[in-house]
Amino acid sequence: MGKPFCAIAMRGFLGLMANCGLAQEPFPPSEEILPVSVFFADESREVFRLSPEGGRVAFLHFDGTISRLCAGNPENLKNTTTTLTGNTEGSVFSLLWLSENVIAFAARLPNGGTRIGCVRLPASDSGKPEGISVLDRDEKGVNLAGVLSRGTAVLLSIPSETNPGINDIYTADPSTGTRTLLHKNVEALPVLHVSMDGKTIVGIRCHSDGRKELLRIKGGESKTLLICSPDESLNLAAMNPDGSVAYIVTDHGSDVKFARLETVKLATGERTVVGEDPEHSVDFGEAVFDRDAKHLLGSRYFRERSVYQWLSPEMEEQFRLIKSQLPEGDVRLQDSSADGKKWIITLVRDTEPDAEYFFNSATRHLVRLDFKATNLPANRLGRMQAVSYKARDNQMISGYLTIPAGAAESNLPVVVFPHGGPNKRNYWGYDARVQFFASRGYAVFQPNFRGSSGYGKKFQNAGNGQWGRGVMQDDISDGVKWLVGSGIADPKRVAIVGGSYGGYAALAGLAFTPELYAAGVCLFGASNLPDFVREVPAGWKPFLGDISVKIGNPDLPEDDRRLAWQSPVNFTHQIKAPVMVYQGAKDDLIKKSQADRFVSACRSNGVNVDYLVSPEGGHGFTDSMDEQAAYIAMERFLARHIGGSRQMDVPRNVEERLALLRSTGAGFATKSASGDNCDSPIAVSPIKSNLSNP
């Protein structure tokens, strides 16, 4: 489970302090501790997009209630910003430029629908927008999918009325809003790209046995270009403007160990490798194109840190000039003008949030774009260092370790923080969650266990069917043992926390290796794998074949038995440490009923468990107040059970939100006599599971 499969975020936690006899906090509450708001308050400006000629930049501004679309001159953004949308248009979450003066946007409405609109910018930087046209109103699931040549039409992706999880593609006239069906997705392609002229479509079809098929559709006819086996990866990177060539990332081929960037001639299916890691140690990372994907400029690879390989000498020189003007860190190229002379740049560092810049090659000058009002002193944040260790079968596992600022690397309380996905990986850079933990005195360990992406076909496929038991969890456990053996971790003060897949891994660690952990936190993580697979939402249905390969198919008796054996809900009698569970009531990926069942099973077995529920929450945090309240609750939980600092003066609105989260889960809890807003467990006789290794 991740973002987009993905990408799923692991942010926020709960609060519980039960049982008076638990360990005292070694660090008292401190007025000097960095407040939770500096880590998780909404950023005021983000999602910068450069206009085709590079004369303007669009971005989103969050005013505390909704995100508004804004634009200005990137050379002087602070003094030229114009707000383009208001309350009527909704909260904007997506945008794209149609021309130098017209922006299309997608916005969420209070009723849950989505509004698609176009706004015409003023002639001058200081003028008012000339008008907004609505292209699509109040539909659920509609989104921007691109733009046709010269901004003649906006592409809309709209859920099919007959095929759950599949979207049809429409065009909309930016002036009139007239909508026309461009492609009825009868091929059931969950992923597709449309050429700039709208005449060619290339997409990926997922089969029920886990195979992936690359298709070209033109003139109403489809042609198979490539079929990848269930253990091979296939992703679309781009298509050139005339629809003659697609760029794919794949590890197709029995002799191919790492994913590569390839071109595919859509007329013939001829493939050519155009990007691969020169060290043959990691998968292909990201492609750098000019604005319309006419030319490939270079490639990015993620090892311990990111590195670029350039095909364009001019781009290599520009990149060298950009880096020379920035502090030490990783530089990411985000967006460019059509002529490739102007760029949006992101500077990634481990001790401060990402910073956004505008670069003009004509002036050779960088201008800071974002206005993050951060109060995060870098000298009080932990430095993220790459680490590696041997698993029990001698496989080398990499990851990252963040040590609290000023702390010795010895006998520390540790937060083990498995990533979501699980077919994702951790990267070097600033992570608000990690720095929050480190600021409270915890070393934070982020292993890239087997099943993670980025380390080759064999490494990722090693995680197939291994959720909770097998190498995926063993790699996490072996990392904990490495930390203890090296003297970094106090073996009595290790907690495992995570969200989505990381939340599942936290529950699995508590249930299957209870000797390793003194506490655990799960937010929106599965606890019952058969139910999780059976209940995936419509958007995941096209990927069920891949899910069956990577997790299992509960409709097969053998898989169903294994998945039950891998489900922590069936082994709560083995959990010894206190547990926290955070759940969104509107999570469509991990249903609240699954979290309810796990909490009930824990309490039936006498496990000290706290349960927080967000009434409006989904799979991940979309509300800053939920996030801040959950982290305040979590820091109290960790301080009580493994020791660390916690914020003493918590704003009233955060405490009130925490009380709401706690009261929503109150059907599974009773108030504690302690004065720390915590729940006490319901003590009953343990119920033993009769499940065994299948």
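If I filter segment 61-74 for residues that are surrounded by 19 or more Cβ atoms within 10 Å (Cβ to Cβ), in a strand (DSSP E or B), at pLDDT 90 or above and among the polar types (S, T, N, Q), do I get at least one hit?
Yes, the conditions are met somewhere in segment 61-74.
Output the residues belonging to segment 395-406 that are in a loop (DSSP other than H, G, I, E, B) and surrounded by fewer than 14 Cβ atoms within 10 Å (Cβ to Cβ).
Listed by number, the list holds a single entry, Gly406.
Only one of these is on the phi > 0 side of the Ramachandran plot and either touching a residue at least 12 places away in the same chain (Cβ under 8 Å) or not assigned by TED's automatic domain parsing to the domain that holds Asn605 (or both): Phe524, Phe512. Name it.
Phe524
Test Ser208 against the stated conditions and say whether it is more than 30 Å from Ala338 (Cα to Cα), more than 25 Å from the chain's Cα centre (by Cα), in a strand (DSSP E or B) and among the polar types (S, T, N, Q).
Spelling it out, it is not the case that Ser208 is more than 30 Å from Ala338 (Cα to Cα), more than 25 Å from the chain's Cα centre (by Cα), in a strand (DSSP E or B) and among the polar types (S, T, N, Q).
Restricting to segment 574-587, give me the number of residues that are farther than 29 Å from Ser37 by Cβ and surrounded by fewer than 17 Cβ atoms within 10 Å (Cβ to Cβ).
Residues meeting the conditions: 1.
I want to confirm something. Restricting to segment 109-156 and keeping residues that are modelled with pLDDT under 85 and polar (S, T, N, Q), which single residue is farthest from His193 (Cα to Cα)?
Filtering segment 109-156 for residues that are modelled with pLDDT under 85 and polar (S, T, N, Q), the one farthest from His193 (Cα to Cα) comes out as Ser126.
Take the residues in segment 282-303 that are assigned to a loop (DSSP other than H, G, I, E, B) and in contact (Cβ under 8 Å) with a residue 40 or more places away in the chain, then tell me which one is farthest from Gly429 (Cα to Cα).
Taking the candidates together, the pick is Lys294.
Quick check on my filter: what residues within segment 314-344 are surrounded by 14 or more Cβ atoms within 10 Å (Cβ to Cβ), without any contact (Cβ under 8 Å) to a residue 24 or more places away in the chain and out of contact with any Lys or Arg (no Cβ under 8 Å at 6 or more places or on another chain)?
Those that are surrounded by 14 or more Cβ atoms within 10 Å (Cβ to Cβ), without any contact (Cβ under 8 Å) to a residue 24 or more places away in the chain and out of contact with any Lys or Arg (no Cβ under 8 Å at 6 or more places or on another chain): Glu316, Phe319, Lys323.
Matching residues to (1) buried (at least 24 other Cβ atoms within 10 Å of the Cβ); (2) of a type in the set (Val, Ile, Thr); (3) modelled with pLDDT of 95 or more:
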site: Arg597; (1), (2), (3): no, no, yes
site: Ala601; (1), (2), (3): no, no, yes
site: Val613; (1), (2), (3): yes, yes, yes
site: Thr622; (1), (2), (3): no, yes, no
site: Ala630; (1), (2), (3): yes, no, yes
site: Ile642; (1), (2), (3): yes, yes, yes
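Could you tell me which numbered condition Trp540 fails, if it satisfies all but one of (1) of a type outside the set (Ser, Thr, Tyr); (2) over 28 Å from Lys458 (Cβ atoms); (3) under 25 Å from the mean Cα position of the chain (by Cα)?
(2)
What are the residues in segment 618-642 that are among the hydrophobic types (A, V, I, L, M, F, W, C) and either in a helix (DSSP H, G or I) or not assigned by TED's automatic domain parsing to the domain that holds Thr664 (or both), if any?
Correct list: Met625, Ala629, Ala630, Ile632, Ala633, Met634, Phe637, Leu638, Ala639.
In segment 250-280, what residues are assigned to a strand (DSSP E or B) and exposed (fewer than 14 other Cβ atoms within 10 Å of the Cβ)?
Thr272, Val273
Please specify each residue of segment 172-205 satisfying the condition of being more than 21 Å from Gly141 (Cβ to Cβ) and either β-branched (Val, Ile, Thr) or part of a strand (DSSP E or B) (or both).
Thr176, Thr200, Val202
Is one or more of the residues making up segment 480-493 closer than 17 Å to Gly451 by Cα, crowded, with 24+ Cβ neighbours inside 10 Å and in contact with a strand residue (DSSP E or B) (Cβ under 6 Å, 6 or more places away or on another chain)?
Checked against the condition, which is being closer than 17 Å to Gly451 by Cα, crowded, with 24+ Cβ neighbours inside 10 Å and in contact with a strand residue (DSSP E or B) (Cβ under 6 Å, 6 or more places away or on another chain), segment 480-493 yields no hits at all.
Only one of these is of a type in the set (D, E, K, R) and surrounded by 21 or more Cβ atoms within 10 Å (Cβ to Cβ): Asp231, Asp290, Asp242, Asp283. Name it.
Numbers: Asp231 fails: surrounded by 21 or more Cβ atoms within 10 Å (Cβ to Cβ); Asp290 fails: surrounded by 21 or more Cβ atoms within 10 Å (Cβ to Cβ); Asp242 fails: surrounded by 21 or more Cβ atoms within 10 Å (Cβ to Cβ).
Just one listed residue meets the conditions, Asp283.
In the list Arg440, Arg433, which residue meets the criterion of being within 23 Å of the chain's Cα centre (by Cα), buried (at least 22 other Cβ atoms within 10 Å of the Cβ), within 14 Å of Val497 (Cβ to Cβ) and among the charged types (D, E, K, R)?
Matching residue, one of Arg440, Arg433: Arg433.
Hey, can you tell me all the residues within segment 375-394 that are modelled with pLDDT under 95, surrounded by 16 or more Cβ atoms within 10 Å (Cβ to Cβ) and not in a loop (DSSP other than H, G, I, E, B)?
The one that is modelled with pLDDT under 95, surrounded by 16 or more Cβ atoms within 10 Å (Cβ to Cβ) and not in a loop (DSSP other than H, G, I, E, B): Arg380.
Would you mind finding the one in Thr88, Thr152 that is loosely packed, with under 13 Cβ neighbours inside 10 Å and outside the structural domain of Met239 (by TED's automatic domain parsing)?
It is Thr88.
The values are calculated or read from the model by the stated rules, or taken from the named source; none is laboratory data. These numbers were taken from a predicted model, which means no experiment stands behind them. Cβ sites come from the backbone with ideal geometry, for glycine too, and all protein chains shown count toward neighbours.
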